[in-house]
Structure formats: C-alpha cells, structure tokens
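Novice: This structure is in structure tokens; I'll ask about it shortly.
Nothing in this text is a laboratory measurement; each read-out follows from the coordinates by a stated rule. Quick caveat, the model's predicted, so the values are computed rather than measured. Note: ideal-geometry Cβ built from the backbone for every residue, glycine included; neighbour counts use all protein chains shown.
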Amino acid sequence: MTPGELVKAVAEVLGMPEMNVIYYDRKLVEAGLRSKHGRGRGAAHVTSRDAAHLLTSILGSMQVKDAVATVRRYSATRPEGGTAAQKRYAELGLAELAALPSDHSLVDALEALIIATVSGSLHQRRPETGWARSSTPTVAPDVEVWALAPGTVAEIRISGLKPEMIAIVRYGRPTPWDGGRKPSKAQLDAWEKEAKETGLLGDLETQRRITTRTLVHVAQALSASVEN
C-alpha cells in the first residue's frame, strides 16, 4: 500500500475529506513518523505502524498542526495495570496484543490490532473461511478505540470474541506522582510547562472513537496491497 492509498482508505472509513487526512499525513512524514515516499518502483510502502500513527494523530488531535505532538504523547502512554492488561488480552486469545511488553503504548496496541486484523486472529473464523480467503470475516468482534483531544487518555475495549468476556484497557501518560513518589519542584515545573504548551490544562476536550469497521477497512487495504 502506498501512502496515498492509506490516506484514501482512512478518509473513506472515517468519513473525512481526503485533503484533511493528507494534511495529517504530511505532518507525520515531515517528522519522520511515516515511511517516506519515493518514486516509481522505489515508492514507499506504508506499514501497520504508519497506519497506527495516522489513526492516532486523528484520534487525539483537535487541529492538524498538533498531529506530531499527539503521536508523540500517545507513544508515551502506558496501560493501567501493566501485566494485568496483558492478561486480559491473552485471555481473549489475542496473541499480537498479549505479546506486547507490559509498558507498551496505545500506538503499539493500535498497531497490534491492525496486524491482528490483517492476520485474522482478531476474528473468530470457520476453518474453511479464513480472513485471507474472505473479504468479510465470519464473526467480527466489537472493538472500540477512543482517545481524548487534547488530553492523553485512551481506552481499548474488545468484546464478542468469547462469551461474557470483555477486555477493557485504559492508557495514560506516566505522571510525576506514579508509584507514590513525591516529585521534586523541578519535575512539577516541567510537568506544568508541558501541560500548558500542549493545552492539557484547558477545559475543552473532545473524545474521538474508531471501531472494528476502521480496523477492517485499513486491514483490507493493507492485505490487498500485499496480495498485489
């Protein structure tokens, strides 16, 4: 899949003007957060990581200009509970997510979800109708990924893979107070300065969400690119 094809796929499934998504993509490539585009046979091919960066930038940004800062903020998040989060993913049989380190970020988890969708492990399937041979999964689980803008709080919710079992993992940035620590004045000043610069102290927040539909649409585009 080329960068342009990724942009088109994301714009289609999110219902956004393609030019808006292009602006997000440009910010990311300028910051080295997306595979660079070449020419002809050497043209860049985007990865699941590139897709995770693009989706994160849109989920967590109130404005396009904040795309890079958003990806970097959410790349610094950690799951609440650490190993407990891994256990929840493992219980659902999501190998890609369960294999992540306990200090993985939301961006890592979103990349793993995309990879799991491409491979088919995110879906329950009949043996004769695997994801690779069908454009429509037999049973698609309910997946929700939401994030705050301009905050740095996110959540992944997965249900429908096993009866009466729901995995809910919340992500946030480490704070100077984590682990019961008493932060120094320098740490508090640095924390407050960053919060002011990124607008985190403002009283206006937007919650944005994507679902299984986005993951499947992006995965289909990635899979079609590999097959071609």
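Novice: LEU55: under 18 Å from GLN207 (Cα atoms) and assigned to a helix (DSSP H, G or I), yes or no?
Specialist: So LEU55 fits the description; yes.
Novice: Taking region 79-103 on its own, how many of its residues are closer than 23 Å to LEU148 by Cα, surrounded by fewer than 18 Cβ atoms within 10 Å (Cβ to Cβ) and under 17 Å from the mean Cα position of the chain (by Cα)?
Specialist: Matching residues across region 79-103 total 3.
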